Amino acid sequence: MIKWNFLKELGDISEHDQAALDGLRKRVLGTGVVLVFFVTIIFLRLWFLQIHKGEEYKSRAENNRVRIREVAPPRGDILDRNGKELVTNQPSFNVVLVREDSNDIDGLLKRLSVVLKEDVSVLWERIREAESKQRHIPVRLKENLSWDTLAYLETHNKAFPGIRIEVFPSRFYHYGDMAAHLIGYLGEISKSELEETNTDFYRGGDLVGKMGLEKLREKELRGEKGNNSSEVNALGFEQQLLTHVEPVPGNEVRLTLDIDLQQVAEESMDVDEKSGAVVAMEVKTGRLLVLASTPRLHLADFEGGISSKNWSALLDNPKHPLINKALQAMYPPGSTYKMVTALAGLAKGVITKDTTFFCPGHIDFGNRQYNCWKHGGHGTVNLKRAISESCDVYFYQVGMRVGVDALAEYANKLGLGRKTQVELENEKSGLIPTKEWKKKKYGVKWQDGETLSLAIGQGFNLVTPLQLCQMTAILANGGKRYVPQLIESVTDADGNVLESFTPKLAGELQENEKKYLALIREGMVEVIQGARGTARAARVEGINMGGKTGSAQVVRLEQYKHLKEEDIPYKYRDHALFTCFAPAEDPEIAVTVVVEHGLHGGSSAAPVAKAVMQKYFANRLAVDQIRKAVTP
Amino acid sequence: MFCVDRRFFMNFDWVLLSLLLMVCGMAFLNLYSATYPPLGGMPPYLKQCYLLLMGAAGIIFVISFDYKELQLWNYPIYIVVIVLLALVIFVGNSAGGAQRWINLGFFQLQPSEPAKLMMVITLASYYSRKDVANGYPIQDLITPIILMAVPFILILIQPDLGTALMFVVIFVSMTVFAKLRWSSYIILGLSGIALAVVGWFFVLKPYQKQRVETLLHPVKDSMGEGYQILQSKIAVGSGGLFGRGYMEGTQGHLHFLPERHTDFAFSVWSEEWGFTGSFFFLAVYFFMLFWGLHVAMSARDRFGLFLAFGVVALIFWQAVINLLMILGFLPVVGIPLPLFSYGGSSLLTTLLGMGILMNVRMRRFQTESTLKSCDL
């Protein structure tokens, strides 16, 4: 034991001290055990963290180091068929707060609430919503700052530590609320939408299309997010940009819509605040030129989430502005259905071009009397006159003879009672009753008297304005049922055309049925051009048109029977329908107008269609006038 | 006064010096990385150079006289340190809500650091003077408890709970080492528990309680109190076997690690040098402490033995607490890793402590007679 050697030199230490010192030395050795114990723990722990869990922590360190920030892509523009911009992007300036950069959030918000003219509690609510997020992640306090507010905040930024201005692309609607129902709007992605999408494209707070084409074409319009990944420190400050991926702008969607035509249609509907729908379609392709529903939606109300006040106002509005009436609302077709009855009668051989019926103003069937709208009666009428003057008795006779199922068969062939497959949400299929349908639905046998009502478009029949327009197009184009379409083309940011319009034929009449269409068209032309036609109001100088009016009974109430039409309460007035095509010689366009509670197709719906037609043919009419002026 | 003879060199503890130089070298290397790039002003590594030079001077001064002198100077030293501790409360510079420093112009003195060494000297002095065969009865402990309680309370009200508790740790280590009667253990233990309970409910500030609580669930709040421990664990863990390379540690360089050149300096080392480097460093470090124990065992008298033991205990417990904190076993308490964490007061104090160890080792053969012969 070399260690103890030196003890011999210590001569003057007493025996007792010597023993005590020895004891202490042993105790020092004992404390070595404590030292070894802790050293072992530390080494084991080090081994556990660095060797056993090393890889795990290495990846955590990587994640720590790199922060990926998404860069929102500009959403695709929406254009009309002529390339006019309907919806584009504009920068929106938002106020955001980075909580960790502010040490007095309470005081900051108080000062900010004055500048933003927003209640402090509203701002606090925004912050509370983001409570679970990390403190370096900005919280949006208010969107769409005005220039004044923006300028104030920028010049006084020293007074608002932690406040930043964020530039965010937002939608700009060049034509205001025109075609609002079909364009739709954007809103913050909901929790359920987030869960539904399997892609990891979306994050909470992203804006997605909530309605109309913005929703249906979301994938094309949204583009690809870009990202910046940068090295950051623990304070959240970005040290250095590692990679930058440019966002890919969304695709440009060009609609088949003609915004000028749409505007004329909507503005005509605005006269007298008409509620209803206007649809215009190219008869030979199925391109939709107008798809309007009134009252219009106010898109700005939806931005950043609609307030509950605005929402309940929309719900309570008796004119149902939330519904796209062109395809989500169903109306009894009224007299516009007489073309179906006529075609069924001709095709089934019940009538011919020259078959006549006598109209005394009513017809007795069973134990009931079925009236013609003209109480004095039309006298002897053939098909052409029956259509142009809308003689109910003629079509009672035809309907009686062909029966309900034949009517349904031809209604279907003309596109009624089934969805048109237009690319919009919640399209209604309408209703075309059959015997079987009634049995199934009500458990009651079909009454023949019901067929009479059906033949003139009353009863169970229900159609959408879009279906009526399609029907008119089929009659006009000689029997081809095209799917109404809205998209002319989809083009990506590099100009590659990803999708372009091709007509989609959904069905076609048989040859022996097609031959009767000219006859029906003749009657329809007479409706407008004829001296006694019901829709002379729709006449456009220089263009031959064909069409049909209709009025759909809302209720049959005895108490209103004796009243003048203007005295009937609004909600019990008949719907006014009008559908037409032009030019009669070689039809190009079909226009359908439904005015809710508009009473008569001829007086309230036809002028709207006329305005659309006038606009559509404006150039040609102008050329004609010049030609007339030039040639002597 | 200075006694320089050839035995000075013969008996000088070259082993301890080499170990110390290795530790200081690694600490310097690590400091350079942890504070890179320097933020302006005098770079910390340069400051560290001056501190090391001052420390070297301090060591030379400490080994120049017999450690026995410390016993004589014990109470004057004690009073000076207590005055400094009291002063810090009134004129001290505050940082992070606590007043811990006295500005000496060229140097920010943190009196609680030398106070730790003062505590070791005081207790060594007390226990070496009074030898009790069967262990100390409780009445003999009243004096050292009071001696310990004064700096303890002064530091507690700064407030610096971690450092204050170090005084308790030193006191317990040295007292238990000095041997107590069973009755004393029981009384001390019970009153300790009672004090801890009272302290938890009446003395501890909410943030201090929170520190203890977050230790239990660090991941729950990864940007808050548990954040530091979590980041430290990530730093250490990501080092793997061979580390990420010197100056390559992302946790440290990207400022994810808090206090990365002071309390969390070893996290930076672990991240950059991996298990191998950490093992090497700790091996050297703890061998130095074992050597310290060896020095204690070879001391020529009770005072030398207590003194050496106390210095080792002081460094050891600080190191263990700091390392366990870095490795995620203890809450963030603000105890540095002696010699390795950047901090002038701590470094100088520890170097003086090393000087004391060298002193004890050097004079292990010295008797009254040899001392006299030296004076001739």
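Whether a residue is within 7 Å of chain A (Cβ to nearest Cβ), open to solvent by less than 10 Å² (accessible area, probe 1.4 Å) and in contact (Cβ under 8 Å) with a residue 12 or more places away in the chain was assessed, and B:Leu257 does not pass this test.
Inspect the stretch A:433-453 for any residue being within 35 Å of the chain's Cα centre (by Cα), under 16 Å from A:Thr336 (Cβ atoms) and at pLDDT 90 or above and give the result as yes or no. No, there is no match, as no residue in the stretch A:433-453 is within 35 Å of the chain's Cα centre (by Cα), under 16 Å from A:Thr336 (Cβ atoms) and at pLDDT 90 or above.
Which number in (1) open to solvent by 50 Å² or more (accessible area, probe 1.4 Å); (2) facing chain A (nearest Cβ under 7 Å); (3) closer than 17 Å to A:Leu46 by Cα marks the one condition that B:Phe280 misses? The number of the failed condition is (2). Being of a type in the set (D, E, K, R), at pLDDT below 85 and open to solvent by 20 Å² or more (accessible area, probe 1.4 Å): is that true of A:Glu118 here? In short, yes. Just one of the numbered conditions (1) open to solvent by less than 40 Å² (accessible area, probe 1.4 Å); (2) over 22 Å from A:Ile259 (Cα atoms) is not true of A:Leu297: (2). The requirement of being modelled with pLDDT under 90, farther than 19 Å from A:Ala473 by Cβ and open to solvent by less than 10 Å² (accessible area, probe 1.4 Å) is fulfilled somewhere in the stretch A:378-388, by at least one residue.
Taking the conditions (1) of a type in the set (Val, Ile, Thr); (2) crowded, with 24+ Cβ neighbours inside 10 Å; (3) in contact with a Ser or Thr (Cβ under 9 Å, 6 or more places away or on another chain) in turn, A:Val290 satisfies each one other than (3).
Looking only at residues in the stretch A:325-351 that are assigned to a loop (DSSP other than H, G, I, E, B) and out of contact with any Leu (no Cβ under 7 Å at 6 or more places or on another chain), the one that is most open to solvent (accessible area, probe 1.4 Å) is A:Lys348.
Of everything listed in (1) open to solvent by 10 Å² or more (accessible area, probe 1.4 Å); (2) among the aromatic types (Phe, Trp, Tyr); (3) more than 10 Å from every other protein chain (Cβ to nearest Cβ); (4) over 14 Å from the mean Cα position of the chain (by Cα), the single unmet condition for B:Phe303 is (1).
Yes or no, residue by residue, for (1) among the acidic types (Asp, Glu); (2) farther than 22 Å from A:Gly523 by Cβ; (3) touching a residue at least 40 places away in the same chain (Cβ under 8 Å); (4) surrounded by fewer than 20 Cβ atoms within 10 Å (Cβ to Cβ):
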| position | (1), (2), (3), (4) |
| --- | --- |
| A:Trp373 | no, no, no, yes |
| A:Gly376 | no, no, no, yes |
| A:Leu407 | no, no, yes, no |
| A:Lys428 | no, yes, yes, yes |
| A:Trp437 | no, yes, no, yes |
| A:Tyr442 | no, yes, no, yes |
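Only residues that are farther than 16 Å from B:Gly328 by Cα and either open to solvent by less than 10 Å² (accessible area, probe 1.4 Å) or more than 10 Å from chain A (Cβ to nearest Cβ) (or both) were counted across the stretch B:227-253, and they come to 7. For the stretch A:389-405, filtering for residues that are surrounded by fewer than 24 Cβ atoms within 10 Å (Cβ to Cβ), outside any helix (DSSP H, G or I) and without any contact (Cβ under 8 Å) to a residue 60 or more places away in the chain leaves 1.
Might you let me know whether the stretch A:586-596 holds any residue that is among the acidic types (Asp, Glu), within 18 Å of A:Gly550 (Cα to Cα) and modelled with pLDDT of 90 or more? Yes, the stretch A:586-596 has at least one match.
The set of residues in the stretch A:24-40 that are within 8 Å of chain B (Cβ to nearest Cβ) and open to solvent by less than 70 Å² (accessible area, probe 1.4 Å) comprises A:Leu24, A:Arg25, A:Val28, A:Thr31, A:Gly32, A:Leu35, A:Phe38, A:Val39.
For the stretch A:483-499, filtered to residues that are among the charged types (D, E, K, R) and under 16 Å from A:Leu216 (Cα atoms), the residue that is surrounded by the most Cβ atoms within 10 Å (Cβ to Cβ) is A:Glu488. Across the stretch B:356-375, the number of residues qualifying as at pLDDT below 90 and either within 11 Å of B:Arg300 (Cα to Cα) or at the interface with another protein chain (Cβ under 9 Å from one of its Cβ atoms) (or both) comes to 9.
If B:Pro338 meets every condition in (1) open to solvent by less than 30 Å² (accessible area, probe 1.4 Å); (2) in a helix (DSSP H, G or I) apart from one, which number is that one? The single condition B:Pro338 does not satisfy is (2).
Filtered by the rule that a residue be on the phi > 0 side of the Ramachandran plot and crowded, with 21+ Cβ neighbours inside 10 Å, the stretch A:145-189 gives A:Ala179, A:Gly184. Quick check, is B:Ala319 within 11 Å of chain A (Cβ to nearest Cβ), assigned to a loop (DSSP other than H, G, I, E, B) and under 16 Å from B:Val120 (Cβ atoms)? Considered against the rule, which asks whether it is within 11 Å of chain A (Cβ to nearest Cβ), assigned to a loop (DSSP other than H, G, I, E, B) and under 16 Å from B:Val120 (Cβ atoms), B:Ala319 comes out as no. Within the stretch A:80-87, identify whether any single residue is away from every other protein chain (no Cβ under 13 Å), within 30 Å of A:Ala159 (Cβ to Cβ) and part of a loop (DSSP other than H, G, I, E, B), and answer yes or no. Within the stretch A:80-87, none of the residues are away from every other protein chain (no Cβ under 13 Å), within 30 Å of A:Ala159 (Cβ to Cβ) and part of a loop (DSSP other than H, G, I, E, B).
One line per residue, one yes/no per condition, for (1) more than 22 Å from the chain's Cα centre (by Cα); (2) touching a residue at least 60 places away in the same chain (Cβ under 8 Å); (3) more than 25 Å from B:Tyr32 (Cβ to Cβ); (4) assigned to a loop (DSSP other than H, G, I, E, B):
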residue: B:Arg244; (1), (2), (3), (4): yes, no, no, yes
residue: B:Glu248; (1), (2), (3), (4): yes, no, no, yes
residue: B:Gly274; (1), (2), (3), (4): yes, no, no, no
residue: B:Phe280; (1), (2), (3), (4): no, no, no, no
residue: B:Tyr285; (1), (2), (3), (4): no, yes, no, no
residue: B:Met288; (1), (2), (3), (4): no, yes, no, no
residue: B:His294; (1), (2), (3), (4): no, no, yes, no
residue: B:Phe309; (1), (2), (3), (4): no, yes, yes, no
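Scan (1) within 14 Å of chain B (Cβ to nearest Cβ); (2) open to solvent by less than 70 Å² (accessible area, probe 1.4 Å); (3) modelled with pLDDT of 85 or more for the single condition A:Glu100 breaks and write down its number. Every listed condition holds for A:Glu100 apart from (3).
Candidates in the stretch A:307-324 are the residues that are touching an Asp or Glu at 6+ places or on another chain (Cβ under 9 Å) and more than 25 Å from A:Pro569 (Cβ to Cβ); of these, the one that is least open to solvent (accessible area, probe 1.4 Å) is A:Asn324. Quick check: is even one residue across the stretch A:236-248 at pLDDT below 70, of a type in the set (Gly, Ala, Ser) and either assigned by TED's automatic domain parsing to the domain that holds A:Val290 or open to solvent by less than 20 Å² (accessible area, probe 1.4 Å) (or both)? Yes: the stretch A:236-248 contains one or more residues that are at pLDDT below 70, of a type in the set (Gly, Ala, Ser) and either assigned by TED's automatic domain parsing to the domain that holds A:Val290 or open to solvent by less than 20 Å² (accessible area, probe 1.4 Å) (or both). List pairs: first in the stretch A:485-510 and in the same structural domain as A:Val248 (by TED's automatic domain parsing), second open to solvent by 80 Å² or more (accessible area, probe 1.4 Å), Cβ under 8 Å, 6+ apart or cross-chain? So the pair list comes out empty.
The values are calculated or read from the model by the stated rules, or taken from the named source; none is laboratory data. Values in this document were obtained by computation on a predicted structure and should not be read as measured data. Cβ: placed from backbone, ideal geometry, glycine included. Neighbour counts: every protein chain shown. Areas reflect the complete protein model, heavy atoms only, side chains present, ligands, DNA and RNA absent. Shrake-Rupley method; radii C 1.70, N 1.55, O 1.52, S 1.80 Å.
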